[in-house]
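**Q** Have a look at the structure that comes next, please.
The values are calculated or read from the model by the stated rules, or taken from the named source; none is laboratory data. A quick note: this is a predicted structure, and the numbers were derived from the prediction, not measured. Glycine also receives a Cβ, built like all others from the backbone with ideal geometry; neighbour counts cover every protein chain displayed. Heavy atoms of the whole protein, side chains included, go into the accessibility calculation; ligands, DNA and RNA do not. Shrake-Rupley method; radii C 1.70, N 1.55, O 1.52, S 1.80 Å.
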Amino acid sequence: MAATAFQVGESFAGQMDGRDPLAHFRERFHIPRGVDGSDAIYLCGHSLGLQPKSVRGYVEQELKDWELLGVEGHFRGKNPWMPYHRLLTEQTAELVGANPSEVVVMNSLTVNLHLMMVSFYRPTAERHKIVIEDSAFPSDQYAVKSQIRFHGFDPVTSLIELRPGAAERVIRDEDILNVIAREGDSIALILLGGVNYSSGQVFDMAAVTKAGHAKGCVVGFDLAHAAGNIPLHLHEWGPDFAAWCSYKYLNGGPGCIAGCFVHERHGKEWNLPRFAGWWGHDQDSRFQMGPDFKPMPGAEGWQLSNPPILSLAALRASMEIFHEAGIENLREKSVSLTGYLEYLLDQQHSPAFSIITPRQPERRGAQLSIRIQRNGRVICDKLTDEGILCDWREPDILRVAPMPLYNTFTDVYRFVERFVALLGK
Ligand SMILES: Cc1ncc(COP(=O)(O)O)c(C=O)c1O
(Lines give C-alpha, C1' and ligand atoms only; values in the text may rest on other atoms or scores of the structure.)
Protein backbone atom coordinates (compact mmCIF):
# COMPACT_ATOMS: atom_id res chain seq x y z
CA MET A 1 0.00 0.00 0.00
CA ALA A 2 1.32 3.49 -0.86
CA ALA A 3 2.40 5.53 2.17
CA THR A 4 -0.07 8.28 1.27
CA ALA A 5 -2.94 5.86 1.84
CA PHE A 6 -1.95 5.05 5.43
CA GLN A 7 -3.87 6.74 8.23
CA VAL A 8 -3.08 7.63 11.82
CA GLY A 9 -4.99 6.06 14.69
CA GLU A 10 -5.19 2.52 16.03
CA SER A 11 -8.49 1.75 14.32
CA PHE A 12 -6.73 1.98 10.95
CA ALA A 13 -4.22 -0.67 12.11
CA GLY A 14 -7.18 -2.86 13.09
CA GLN A 15 -8.74 -2.40 9.65
CA MET A 16 -5.46 -3.38 7.96
CA ASP A 17 -5.25 -6.51 10.10
CA GLY A 18 -8.87 -7.29 9.28
CA ARG A 19 -8.19 -7.37 5.55
CA ASP A 20 -4.75 -9.01 5.70
CA PRO A 21 -4.97 -12.30 3.75
CA LEU A 22 -1.92 -13.64 5.61
CA ALA A 23 -3.15 -12.75 9.11
CA HIS A 24 -4.03 -16.35 9.97
CA PHE A 25 -0.36 -17.41 9.81
CA ARG A 26 0.21 -15.67 13.15
CA GLU A 27 -1.77 -18.46 14.84
CA ARG A 28 0.81 -20.92 13.62
CA PHE A 29 3.49 -19.37 15.86
CA HIS A 30 4.13 -19.25 19.58
CA ILE A 31 4.10 -15.57 20.50
CA PRO A 32 6.15 -14.86 23.64
CA ARG A 33 4.27 -13.32 26.54
CA GLY A 34 4.78 -9.84 27.91
CA VAL A 35 4.93 -9.10 31.65
CA ASP A 36 1.15 -8.83 31.96
CA GLY A 37 0.63 -12.18 30.24
CA SER A 38 -0.61 -10.72 26.95
CA ASP A 39 1.19 -11.30 23.63
CA ALA A 40 4.52 -9.53 23.45
CA ILE A 41 5.12 -7.22 20.50
CA TYR A 42 7.88 -9.16 18.87
CA LEU A 43 9.78 -7.11 16.29
CA CYS A 44 12.99 -9.09 16.59
CA GLY A 45 12.67 -11.73 13.86
CA HIS A 46 15.80 -10.22 12.28
CA SER A 47 17.64 -11.70 15.24
CA LEU A 48 15.74 -14.85 16.21
CA GLY A 49 12.52 -15.86 14.50
CA LEU A 50 9.62 -17.22 16.54
CA GLN A 51 8.83 -20.88 16.96
CA PRO A 52 6.23 -22.39 14.64
CA LYS A 53 3.82 -24.47 16.72
CA SER A 54 4.37 -27.35 14.33
CA VAL A 55 8.07 -27.61 15.25
CA ARG A 56 7.30 -29.81 18.21
CA GLY A 57 5.59 -32.46 16.06
CA TYR A 58 8.43 -32.52 13.55
CA VAL A 59 11.08 -32.88 16.25
CA GLU A 60 9.06 -35.40 18.25
CA GLN A 61 8.75 -37.62 15.19
CA GLU A 62 12.54 -37.88 15.02
CA LEU A 63 12.86 -38.39 18.78
CA LYS A 64 10.35 -41.21 18.46
CA ASP A 65 12.24 -42.87 15.64
CA TRP A 66 15.45 -42.59 17.62
CA GLU A 67 13.69 -43.99 20.69
CA LEU A 68 12.15 -46.94 18.84
CA LEU A 69 14.70 -47.67 16.14
CA GLY A 70 18.10 -46.48 17.33
CA VAL A 71 20.60 -46.58 14.50
CA GLU A 72 18.01 -48.13 12.21
CA GLY A 73 16.33 -44.73 12.07
CA HIS A 74 18.84 -43.92 9.36
CA PHE A 75 17.05 -46.37 7.06
CA ARG A 76 13.72 -47.36 8.60
CA GLY A 77 12.53 -44.12 10.21
CA LYS A 78 9.36 -42.49 8.94
CA ASN A 79 11.72 -40.05 7.24
CA PRO A 80 15.00 -41.96 7.06
CA TRP A 81 17.87 -39.84 8.38
CA MET A 82 20.29 -40.87 5.67
CA PRO A 83 18.71 -38.64 3.00
CA TYR A 84 16.84 -36.44 5.53
CA HIS A 85 18.53 -33.15 4.53
CA ARG A 86 17.02 -33.55 1.07
CA LEU A 87 13.56 -33.03 2.51
CA LEU A 88 14.57 -29.37 2.61
CA THR A 89 16.12 -29.08 -0.82
CA GLU A 90 13.08 -28.23 -2.96
CA GLN A 91 11.71 -25.61 -0.60
CA THR A 92 15.12 -24.05 0.00
CA ALA A 93 15.72 -23.82 -3.75
CA GLU A 94 12.30 -22.26 -4.22
CA LEU A 95 12.92 -19.71 -1.46
CA VAL A 96 16.25 -18.44 -2.82
CA GLY A 97 15.47 -18.80 -6.52
CA ALA A 98 17.90 -21.62 -7.23
CA ASN A 99 17.92 -25.01 -8.89
CA PRO A 100 17.72 -27.85 -6.36
CA SER A 101 21.26 -29.00 -7.18
CA GLU A 102 22.56 -25.54 -6.24
CA VAL A 103 21.49 -25.58 -2.59
CA VAL A 104 22.22 -27.58 0.50
CA VAL A 105 21.50 -27.14 4.20
CA MET A 106 24.59 -27.75 6.31
CA ASN A 107 26.73 -26.41 9.17
CA SER A 108 26.27 -22.85 10.32
CA LEU A 109 26.73 -19.59 8.48
CA THR A 110 30.31 -18.59 9.30
CA VAL A 111 31.47 -22.16 8.71
CA ASN A 112 29.83 -22.12 5.28
CA LEU A 113 31.39 -18.76 4.43
CA HIS A 114 34.81 -20.23 5.22
CA LEU A 115 34.11 -23.36 3.16
CA MET A 116 33.04 -21.19 0.25
CA MET A 117 36.15 -19.04 0.54
CA VAL A 118 38.36 -22.12 0.57
CA SER A 119 37.01 -22.87 -2.89
CA PHE A 120 36.35 -19.41 -4.26
CA TYR A 121 38.90 -17.07 -2.70
CA ARG A 122 42.07 -17.96 -4.51
CA PRO A 123 44.25 -14.88 -4.37
CA THR A 124 47.25 -14.24 -6.60
CA ALA A 125 49.90 -11.52 -6.41
CA GLU A 126 47.90 -9.38 -8.86
CA ARG A 127 44.38 -10.26 -7.73
CA HIS A 128 44.15 -10.68 -3.98
CA LYS A 129 41.60 -8.20 -2.61
CA ILE A 130 38.26 -8.89 -0.94
CA VAL A 131 35.48 -6.29 -0.99
CA ILE A 132 33.05 -6.14 1.95
CA GLU A 133 30.83 -3.50 3.59
CA ASP A 134 32.68 -1.62 6.33
CA SER A 135 29.63 -2.31 8.47
CA ALA A 136 29.57 -6.03 7.64
CA PHE A 137 28.61 -8.28 10.54
CA PRO A 138 31.74 -8.81 12.67
CA SER A 139 31.87 -12.55 11.96
CA ASP A 140 32.18 -11.80 8.24
CA GLN A 141 34.95 -9.30 8.94
CA TYR A 142 36.83 -11.83 11.06
CA ALA A 143 36.28 -14.53 8.47
CA VAL A 144 37.56 -12.54 5.49
CA LYS A 145 40.53 -11.11 7.39
CA SER A 146 41.53 -14.57 8.57
CA GLN A 147 41.24 -15.90 5.00
CA ILE A 148 43.42 -13.08 3.71
CA ARG A 149 46.07 -13.81 6.35
CA PHE A 150 45.77 -17.55 5.76
CA HIS A 151 46.89 -16.94 2.17
CA GLY A 152 49.84 -14.83 3.31
CA PHE A 153 48.34 -11.43 2.49
CA ASP A 154 47.61 -8.49 4.77
CA PRO A 155 44.08 -7.06 5.30
CA VAL A 156 45.62 -3.58 5.24
CA THR A 157 46.37 -3.97 1.54
CA SER A 158 43.96 -6.77 0.58
CA LEU A 159 40.67 -5.68 2.13
CA ILE A 160 38.44 -3.01 0.58
CA GLU A 161 35.74 -1.84 2.95
CA LEU A 162 32.85 -0.01 1.31
CA ARG A 163 31.74 3.05 3.27
CA PRO A 164 28.79 5.41 2.96
CA GLY A 165 29.70 8.82 1.61
CA ALA A 166 30.32 11.71 3.99
CA ALA A 167 27.14 12.57 5.94
CA GLU A 168 25.38 9.46 4.58
CA ARG A 169 24.37 6.36 6.51
CA VAL A 170 24.06 3.78 3.75
CA ILE A 171 26.30 2.78 0.87
CA ARG A 172 25.16 3.92 -2.57
CA ASP A 173 24.78 1.17 -5.17
CA GLU A 174 26.64 3.29 -7.71
CA ASP A 175 29.59 3.65 -5.30
CA ILE A 176 29.88 -0.14 -5.14
CA LEU A 177 29.89 -0.35 -8.93
CA ASN A 178 32.49 2.43 -9.13
CA VAL A 179 34.82 0.58 -6.75
CA ILE A 180 34.44 -2.57 -8.83
CA ALA A 181 35.12 -0.62 -12.04
CA ARG A 182 38.17 1.09 -10.54
CA GLU A 183 39.76 -1.74 -8.57
CA GLY A 184 38.23 -4.79 -10.26
CA ASP A 185 41.49 -6.12 -11.72
CA SER A 186 42.94 -6.54 -8.23
CA ILE A 187 39.75 -7.89 -6.63
CA ALA A 188 39.58 -11.65 -6.09
CA LEU A 189 36.28 -11.74 -4.20
CA ILE A 190 33.29 -9.46 -3.60
CA LEU A 191 31.44 -10.65 -0.50
CA LEU A 192 28.49 -8.49 0.48
CA GLY A 193 25.46 -9.00 2.67
CA GLY A 194 22.33 -9.23 0.52
CA VAL A 195 20.71 -7.06 3.20
CA ASN A 196 23.04 -5.19 5.54
CA TYR A 197 22.41 -6.33 9.12
CA SER A 198 22.82 -2.88 10.61
CA SER A 199 21.15 -0.48 8.16
CA GLY A 200 18.64 -2.92 6.65
CA GLN A 201 19.77 -1.80 3.19
CA VAL A 202 19.25 -4.24 0.30
CA PHE A 203 22.11 -4.34 -2.18
CA ASP A 204 21.50 -4.70 -5.88
CA MET A 205 22.76 -8.26 -6.05
CA ALA A 206 22.14 -8.67 -9.77
CA ALA A 207 24.09 -5.51 -10.66
CA VAL A 208 26.96 -6.28 -8.27
CA THR A 209 27.25 -9.80 -9.68
CA LYS A 210 27.25 -8.56 -13.26
CA ALA A 211 29.81 -5.84 -12.59
CA GLY A 212 32.02 -8.19 -10.55
CA HIS A 213 32.00 -10.92 -13.18
CA ALA A 214 32.72 -8.42 -15.95
CA LYS A 215 35.95 -7.66 -14.10
CA GLY A 216 36.80 -11.31 -13.47
CA CYS A 217 35.97 -11.23 -9.75
CA VAL A 218 34.25 -13.99 -7.80
CA VAL A 219 30.98 -12.80 -6.22
CA GLY A 220 29.40 -14.22 -3.06
CA PHE A 221 26.64 -13.04 -0.73
CA ASP A 222 25.94 -13.43 2.97
CA LEU A 223 22.16 -13.73 2.97
CA ALA A 224 21.61 -13.94 6.75
CA HIS A 225 19.22 -10.99 6.58
CA ALA A 226 17.87 -11.67 3.11
CA ALA A 227 16.73 -15.32 3.09
CA GLY A 228 13.06 -15.41 4.03
CA ASN A 229 12.95 -11.60 4.03
CA ILE A 230 13.04 -10.65 0.35
CA PRO A 231 12.54 -12.68 -2.83
CA LEU A 232 15.87 -13.88 -4.22
CA HIS A 233 16.79 -15.09 -7.71
CA LEU A 234 20.20 -16.53 -7.12
CA HIS A 235 20.41 -18.76 -10.15
CA GLU A 236 19.42 -15.96 -12.48
CA TRP A 237 21.54 -13.28 -10.80
CA GLY A 238 24.45 -15.67 -11.01
CA PRO A 239 26.68 -15.13 -7.94
CA ASP A 240 29.25 -17.86 -7.48
CA PHE A 241 28.07 -18.70 -3.98
CA ALA A 242 25.89 -17.56 -1.10
CA ALA A 243 25.33 -18.63 2.48
CA TRP A 244 22.72 -17.82 5.10
CA CYS A 245 21.56 -18.77 8.55
CA SER A 246 18.08 -20.10 9.28
CA TYR A 247 17.36 -18.79 12.77
CA LYS A 248 16.36 -15.23 11.84
CA TYR A 249 13.74 -14.71 9.13
CA LEU A 250 13.54 -18.47 8.57
CA ASN A 251 12.44 -19.31 12.14
CA GLY A 252 14.50 -22.51 12.35
CA GLY A 253 15.39 -22.02 16.04
CA PRO A 254 18.52 -20.93 17.90
CA GLY A 255 21.71 -22.07 16.18
CA CYS A 256 19.70 -23.81 13.45
CA ILE A 257 21.45 -25.46 10.53
CA ALA A 258 22.37 -22.99 7.76
CA GLY A 259 21.94 -22.85 3.99
CA CYS A 260 24.43 -22.66 1.16
CA PHE A 261 24.21 -21.98 -2.58
CA VAL A 262 26.83 -22.84 -5.17
CA HIS A 263 25.98 -21.79 -8.71
CA GLU A 264 25.54 -24.75 -11.03
CA ARG A 265 28.45 -23.69 -13.23
CA HIS A 266 30.72 -24.78 -10.33
CA GLY A 267 28.76 -27.91 -9.46
CA LYS A 268 31.02 -30.24 -11.42
CA GLU A 269 34.31 -28.39 -11.16
CA TRP A 270 36.07 -31.34 -9.62
CA ASN A 271 39.41 -29.57 -9.47
CA LEU A 272 38.26 -26.71 -7.26
CA PRO A 273 40.13 -26.79 -3.98
CA ARG A 274 37.71 -27.68 -1.22
CA PHE A 275 37.75 -28.97 2.30
CA ALA A 276 36.32 -32.45 2.22
CA GLY A 277 34.28 -34.61 4.57
CA TRP A 278 32.47 -37.90 4.12
CA TRP A 279 29.00 -36.38 3.70
CA GLY A 280 30.17 -34.55 0.59
CA HIS A 281 31.50 -37.80 -0.90
CA ASP A 282 29.72 -39.50 -3.79
CA GLN A 283 26.75 -41.13 -2.09
CA ASP A 284 26.93 -44.38 -4.05
CA SER A 285 30.39 -45.18 -2.78
CA ARG A 286 30.29 -43.37 0.58
CA PHE A 287 29.86 -46.53 2.58
CA GLN A 288 32.64 -48.36 0.84
CA MET A 289 34.72 -46.24 3.18
CA GLY A 290 37.53 -45.74 0.67
CA PRO A 291 40.40 -43.37 1.39
CA ASP A 292 39.94 -41.04 -1.61
CA PHE A 293 37.40 -38.26 -1.73
CA LYS A 294 35.10 -38.09 -4.71
CA PRO A 295 32.76 -35.10 -4.35
CA MET A 296 29.07 -35.26 -5.13
CA PRO A 297 27.96 -32.93 -7.91
CA GLY A 298 26.35 -29.65 -6.94
CA ALA A 299 26.24 -27.87 -3.60
CA GLU A 300 25.96 -31.20 -1.75
CA GLY A 301 29.59 -31.84 -2.62
CA TRP A 302 30.59 -29.22 -0.03
CA GLN A 303 29.00 -31.06 2.90
CA LEU A 304 31.36 -32.28 5.58
CA SER A 305 29.42 -34.09 8.29
CA ASN A 306 26.18 -35.98 8.64
CA PRO A 307 23.72 -33.25 9.60
CA PRO A 308 21.86 -32.61 12.89
CA ILE A 309 18.47 -34.20 12.29
CA LEU A 310 16.64 -32.42 15.13
CA SER A 311 17.67 -29.06 13.73
CA LEU A 312 16.66 -30.07 10.22
CA ALA A 313 13.30 -31.24 11.59
CA ALA A 314 12.66 -27.84 13.20
CA LEU A 315 13.58 -26.07 9.99
CA ARG A 316 11.20 -28.26 7.97
CA ALA A 317 8.30 -26.99 10.07
CA SER A 318 9.10 -23.41 9.18
CA MET A 319 9.91 -24.05 5.53
CA GLU A 320 6.52 -25.70 5.11
CA ILE A 321 4.92 -22.45 6.28
CA PHE A 322 7.02 -20.36 3.89
CA HIS A 323 6.08 -22.68 1.06
CA GLU A 324 2.41 -22.35 1.93
CA ALA A 325 2.45 -18.57 2.33
CA GLY A 326 4.71 -17.89 -0.68
CA ILE A 327 7.63 -15.48 -0.47
CA GLU A 328 6.10 -13.05 -2.99
CA ASN A 329 2.91 -12.78 -0.89
CA LEU A 330 4.97 -12.34 2.25
CA ARG A 331 7.01 -9.64 0.59
CA GLU A 332 3.88 -7.77 -0.43
CA LYS A 333 2.67 -7.69 3.16
CA SER A 334 6.17 -6.90 4.40
CA VAL A 335 6.45 -3.84 2.16
CA SER A 336 3.13 -2.64 3.54
CA LEU A 337 3.96 -3.36 7.21
CA THR A 338 7.36 -1.67 7.00
CA GLY A 339 5.90 1.21 5.02
CA TYR A 340 3.30 1.66 7.77
CA LEU A 341 6.03 1.67 10.42
CA GLU A 342 7.90 4.33 8.43
CA TYR A 343 4.72 6.36 7.97
CA LEU A 344 3.89 6.38 11.69
CA LEU A 345 7.45 7.33 12.61
CA ASP A 346 7.48 10.13 10.02
CA GLN A 347 4.25 11.50 11.49
CA GLN A 348 6.22 12.41 14.61
CA HIS A 349 8.43 14.94 12.78
CA SER A 350 10.83 14.43 15.66
CA PRO A 351 14.46 15.59 15.73
CA ALA A 352 15.13 12.96 18.41
CA PHE A 353 15.47 10.15 15.88
CA SER A 354 15.91 9.46 12.18
CA ILE A 355 15.43 6.43 9.95
CA ILE A 356 18.73 5.46 8.31
CA THR A 357 17.31 2.59 6.22
CA PRO A 358 16.71 3.59 2.58
CA ARG A 359 13.29 5.08 1.91
CA GLN A 360 12.59 3.16 -1.30
CA PRO A 361 10.85 -0.17 -0.51
CA GLU A 362 12.97 -2.01 -3.11
CA ARG A 363 16.13 -0.95 -1.28
CA ARG A 364 15.13 -2.45 2.06
CA GLY A 365 13.59 -5.55 3.59
CA ALA A 366 11.43 -5.79 6.71
CA GLN A 367 13.82 -3.89 8.96
CA LEU A 368 13.95 -0.19 9.75
CA SER A 369 17.05 1.02 11.58
CA ILE A 370 16.25 4.02 13.72
CA ARG A 371 19.10 6.26 14.78
CA ILE A 372 18.36 7.73 18.19
CA GLN A 373 20.09 10.91 19.32
CA ARG A 374 20.09 10.33 23.07
CA ASN A 375 19.42 7.50 25.53
CA GLY A 376 18.61 4.99 22.80
CA ARG A 377 19.90 2.03 24.77
CA VAL A 378 17.76 2.99 27.77
CA ILE A 379 14.69 3.29 25.54
CA CYS A 380 15.35 -0.14 24.02
CA ASP A 381 15.67 -1.66 27.50
CA LYS A 382 12.46 0.00 28.64
CA LEU A 383 10.61 -1.30 25.60
CA THR A 384 11.86 -4.79 26.42
CA ASP A 385 10.62 -4.42 30.00
CA GLU A 386 7.19 -3.57 28.57
CA GLY A 387 7.19 -6.66 26.35
CA ILE A 388 8.10 -4.84 23.12
CA LEU A 389 11.10 -6.58 21.62
CA CYS A 390 13.40 -5.02 19.05
CA ASP A 391 17.18 -4.75 19.34
CA TRP A 392 19.99 -2.34 19.89
CA ARG A 393 23.19 -1.99 17.87
CA GLU A 394 25.90 0.27 19.23
CA PRO A 395 26.38 3.14 19.10
CA ASP A 396 22.95 4.53 18.25
CA ILE A 397 20.73 2.14 16.25
CA LEU A 398 17.41 0.57 17.22
CA ARG A 399 16.58 -2.21 14.74
CA VAL A 400 12.87 -2.90 14.35
CA ALA A 401 11.58 -5.58 12.02
CA PRO A 402 7.89 -6.44 11.60
CA MET A 403 7.57 -9.97 10.20
CA PRO A 404 4.79 -10.60 7.70
CA LEU A 405 4.27 -14.15 8.99
CA TYR A 406 3.43 -13.24 12.56
CA ASN A 407 3.34 -9.48 13.11
CA THR A 408 0.26 -7.31 12.82
CA PHE A 409 -0.33 -3.70 11.88
CA THR A 410 -1.54 -3.26 15.45
CA ASP A 411 1.88 -4.48 16.70
CA VAL A 412 3.48 -1.75 14.61
CA TYR A 413 1.05 0.88 15.84
CA ARG A 414 1.60 -0.02 19.50
CA PHE A 415 5.37 -0.10 19.10
CA VAL A 416 5.40 3.44 17.68
CA GLU A 417 3.04 4.66 20.39
CA ARG A 418 5.28 3.39 23.20
CA PHE A 419 8.53 4.34 21.45
CA VAL A 420 7.38 7.93 21.05
CA ALA A 421 6.13 8.08 24.63
CA LEU A 422 9.47 6.83 25.96
CA LEU A 423 11.42 9.23 23.74
CA GLY A 424 9.49 12.10 25.24
CA LYS A 425 10.36 11.22 28.82
C1 LIG B 1 25.11 -10.95 8.56
C2 LIG B 1 25.57 -12.04 9.47
N3 LIG B 1 26.63 -12.78 9.13
C4 LIG B 1 27.09 -13.76 9.95
C5 LIG B 1 26.49 -14.04 11.15
C6 LIG B 1 27.05 -15.12 12.01
O7 LIG B 1 26.24 -16.25 11.99
P8 LIG B 1 26.64 -17.64 12.67
O9 LIG B 1 26.85 -17.39 14.12
O10 LIG B 1 25.45 -18.50 12.44
O11 LIG B 1 27.87 -18.13 11.99
C12 LIG B 1 25.36 -13.31 11.54
C13 LIG B 1 24.68 -13.59 12.81
O14 LIG B 1 23.81 -12.90 13.29
C15 LIG B 1 24.90 -12.27 10.69
O16 LIG B 1 23.85 -11.51 11.01
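**Q** Average the reciprocal distances over every distinct pair of alpha-carbons in the stretch 152-289, invert the result, and give the Kirkwood radius in Å.
**A** Evaluated on the stretch 152-289, it is 16.9 Å.
**Q** Rg to Rh for the stretch 282-425: what is it, with Cα atoms only and Rh by Kirkwood?
**A** So for the stretch 282-425, dividing Rg by the Kirkwood Rh gives 1.18.
**Q** What accessible area per residue comes out for the chain, rounded to a whole number of Å², with a 1.4 Å probe?
**A** That works out to 43 Å² for each residue.
**Q** Over every pair of different alpha-carbon atoms in the stretch 1-89, take the mean of 1/r and invert it; report that Kirkwood radius in Å.
**A** After inverting the pairwise mean of 1/r, the radius is 17.1 Å.
**Q** Any chance you could list P(r) for the chain, counting all Cα-Cα pairs in 10 angstrom bins from zero, rounded to whole %?
**A** Pair shares across the bins are 4, 21, 30, 25, 15, 5, 0.
**Q** Over the stretch 1-106, with every protein chain in place, what whole percent of the accessible area is carbon and sulfur at 1.4 Å, could you tell me?
**A** That fraction is 57 percent.
**Q** What order do you get for 73-82, 123-132 when each peptide is scored by the mean count of other beta carbon atoms within 10 Å, highest first?
**A** 123-132, 73-82
**Q** Related question: Any idea which of Leu159, Asn79, Leu315 is furthest toward the positive side of the dipole for the chain, if Lys and Arg beta-carbons carry +1 and Asp and Glu beta-carbons -1?
**A** Of the options given, the answer is Leu159.
**Q** Could you work out the relative contact order of the chain, using alpha carbon pairs under 8 angstrom and six or more residues apart, expressed as a whole percent?
**A** Numbers: 791 pairs, mean separation 100.7, N = 425.
Relative CO of the chain lands at 24 percent.
**Q** Take the Cβ-Cβ distance between Glu10 and Glu320 as r, set R0 to 45 Å, and report the resulting FRET efficiency rounded to the nearest 0.05.
**A** After rounding, the FRET efficiency stands at 0.85.
**Q** Taking 8 Å as the Cα distance limit and 6 or more residues as the minimum spacing, I'd like the relative contact order of the stretch 187-278 as a percentage.
**A** About 23 percent, as a whole number.
**Q** I've got another one for you. For the stretch 155-227 and the stretch 379-425, compute the distance between their C-alpha centroids and round to whole Å.
**A** Between the Cα centres of the stretch 155-227 and the stretch 379-425 lies a distance of 30 Å.
**Q** Related question: Give me the dipole magnitude in Debye, nearest 20, for the stretch 169-245 about the Cα centre, with unit charges on the beta carbon: positive for Lys and Arg, negative for Asp and Glu.
**A** Details: 5 positive and 9 negative charges, 19 e Å.
The dipole of the stretch 169-245 has a size of about 100 debye.
**Q** Distance from the Cα centre of the stretch 321-376 to that of the stretch 73-130, in angstrom?
**A** Here the answer is 30 Å between Cα centres.
**Q** Mean separation of Cα pairs under 8 Å and 6+ residues apart, divided by the residue count of the stretch 232-349: what relative contact order is that in percent?
**A** After rounding, I find 24 percent.
**Q** Take the Cα atoms of the stretch 139-187, find their three principal axes, and give me the spread along each one in whole Å, biggest first.
**A** 34, 25, 14
**Q** Here's another thing I want to ask about it. Points 7 angstrom from Cα along the Cβ direction at Val35 and Leu69: gap in nanometres?
**A** 4.9
**Q** Okay, next question. For the chain, build the charge dipole from Cβ charges (+1 Lys, Arg; -1 Asp, Glu) around the Cα centre, then report which of Gly253, Leu405, Gly267 sits farthest towards its positive end.
**A** The residue sitting farthest along the positive end of the dipole is Gly253.
**Q** When the accessible area of the stretch 177-278 is computed with all protein chains present and a 1.4 Å probe, what percentage of it is carbon and sulfur?
**A** Accessible surface attributable to carbon and sulfur in the stretch 177-278 totals 53 percent.
**Q** So, one more: With the convex hull built on the Cα atoms of the stretch 89-191, state its orientation-averaged projected area in nm².
**A** Average projection, Cα convex hull of the stretch 89-191: 7.9 nm².
**Q** Please report Rg (one decimal) and Dmax (integer) in Å for the Cα set of the stretch 219-296.
**A** 15.2, 43
**Q** Which far-off residues, 5 or more places away or on another chain, put their amide H under 5 Å from the one on Gly193, with H placed in the peptide plane?
**A** So Gly193 has HN proximity to Glu133, Asp222.
**Q** A further question on this structure: If you average the C-alpha positions of the stretch 37-60 and of the stretch 274-290 separately, how far apart do those two centres end up, in angstrom?
**A** 36
**Q** So, with +1 on the Cβ of K and R and -1 on the Cβ of D and E, and no other charges, what is the size of the charge dipole of the chain about its Cα centre, to the nearest 20 debye?
**A** Magnitude of the dipole: close to 420 debye.
**Q** Kirkwood hydrodynamic radius (Cα pairs, Å) of the stretch 215-358?
**A** 18.2
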